[in-house]
Each structure stands twice: as C-alpha cells, then as structure tokens.
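The values are calculated or read from the model by the stated rules, or taken from the named source; none is laboratory data. Source: prediction; values computed, not measured. As a convention, Cβ positions derive from the backbone with ideal geometry for all residues, glycine included, and neighbour counts pool all protein chains shown.
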Amino acid sequence: MSVARLGAGVAASGGALYVVGGYDGQNRWNTAERYQPDTNTWHPLAPMNTMRSGLGLVSLNSYLYAIGGYDGQNQLCTVECYNIGRNIWEPRAPMKHCRSALGVAVHQGRIYVFGGFNQHGFLSSVECYCPEKNEWTPVTDMPNGLSGMGITVTMEPCPGSLPEQADEDEAM
C-alpha cells in the first residue's frame with residue numbers, strides 16, 4: 001500500500017482486495033488501491049471525488065460503493081460508485097443521514113447501512129440502498145445507537161431446522 005491508513009474502506013471483488021480513503025494521522029485520503037494477492041502487488045486506482053475516512057465500502061455486481069465517512073470537518077451523506085472495469089468513480093444518491101464509522105453489508109442485491117456517528121451522536125438508524133432505483137429508504141431503528149461495528153450476512157439455517165439436527169435434539 002502506498003500510504004499507511006486508519007479508517008479506510010476495504011472490500012474484496014474478483015479475487016482482489018480494494019482499499020480506499022482513510023486517514024494517516026495528518027491527512028484524509030481520496031486515494032484507492034487494489035491488492036492482487038496472486039502477484040503480491042498493489043496498483044493505484046482513480047481517486048474518489050471526496051476525501052473520506054471512517055467510510056463503509058462494499059462490493060456489489062462488480063462495483064464498489066464508498067459510503068459516508070468523515071472529511072475532516074463533517075460526517076458525509078455522499079456515496080460514490082467505482083466502476084471496476086472503467087476505473088472511474090461516479091456519484092450516487094446520498095443517504096438520508098450523514099454518518100461515519102458505520103456498519104455496511106450487502107444482502108439480496110441491496111446495500112444496508114447500520115448506525116454510525118454524526119454531530120448528534122451515535123445513530124440507531126438503518127437505511128437500504130437500491131442500485132436499480134439509485135435511492136435510499138429507511139428500514140428501521142436499532143434499539144441503541146452504535147458505531148464502529150462489523151456487519152456480516154450469513155444464510156445459515158435456524159437451529160433445529162435441519163433434519164439431522166432435529167433428530168439430535170429429540171435424542172437429548
């Protein structure tokens with residue numbers, strides 16, 4: 001990586017690892033880089049339009065989405081979409097709530113953002129982005145405001161729903 005970064009967005013796509021934005025203790029970055037593990041090499045990419053740290057980054061349908069973050073003065077509502085094939089960043093619809101240190105995940109072709117932090121404190125709101133409509137919609141509020149969280153989606157069956165698991169539960 002060309003510069004040490006704190007609060008960078010990281011996502012995987014097509015066997016590569018992408019690192020964008022971040023903060024080195026003095027500067028916020030708009031730079032983006034791709035790591036190719038098979039060759040152990042880093043490649044510079046087109047920079048984002050906005051310097052940001054504390055952003056969320058996800059990969060969806062061969063695009064990267066840089067979401068929210070902090071530019072050194074304000075939490076951001078803005079979203080940028082990186083076209084991996086064309087090496088360009090393009091703006092997308094902003095979130096309803098500006099936020100940094102947010103949780104972000106992809107599920108069933110949609111992007112979900114969870115919590116984060118802004119000038120009012122910790123956020124409990126959850127929003128969903130539809131790429132086809134280029135719009136954000138509120139989903140729900142979490143019981144408490146949270147930031148700096150990791151989010152993952154699994155499609156595991158509920159306990160006791162597998163036939164062999166049900167048999168084991170009955171034997172106890």
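Overview of values
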{"quantity": "Flag if residue 66 is in contact (Cβ under 8 Å) with a residue 40 or more places away in the chain, within 18 Å of the chain's Cα centre (by Cα), within 21 Å of residue 113 (Cα to Cα) and surrounded by fewer than 19 Cβ atoms within 10 Å (Cβ to Cβ)", "calculated": "no"}
{"quantity": "Any hit, the stretch 152-165, residues being under 22 Å from residue 8 (Cβ atoms) and at pLDDT below 95", "calculated": "yes"}
{"quantity": "Residues that are in a loop (DSSP other than H, G, I, E, B) and of a type in the set (Asp, Glu), drawn from the stretch 1-46", "calculated": "24, 38"}
{"quantity": "Failed condition for residue 90, given (1) more than 23 Å from residue 4 (Cβ to Cβ); (2) assigned to a loop (DSSP other than H, G, I, E, B)", "calculated": "(2)"}
{"quantity": "Counted residues, the stretch 74-113 - those being touching a Lys or Arg at 6+ places or on another chain (Cβ under 9 Å) and either small (Gly, Ala, Ser) or without any contact (Cβ under 8 Å) to a residue 60 or more places away in the chain (or both)", "calculated": "10"}
{"quantity": "Yes/no for residue 53 being touching a strand residue (DSSP E or B) at 6+ places or on another chain (Cβ under 9 Å), more than 20 Å from residue 87 (Cα to Cα), of a type in the set (Ser, Thr, Tyr) and at pLDDT 95 or above", "calculated": "yes"}
{"quantity": "Check on residue 50, of a type in the set (Val, Ile, Thr), surrounded by fewer than 22 Cβ atoms within 10 Å (Cβ to Cβ) and closer than 18 Å to residue 136 by Cβ", "calculated": "yes"}
{"quantity": "Tally of residues being out of contact with any Asp or Glu (no Cβ under 9 Å at 6 or more places or on another chain) and in contact (Cβ under 8 Å) with a residue 40 or more places away in the chain across the stretch 24-54", "calculated": "4"}
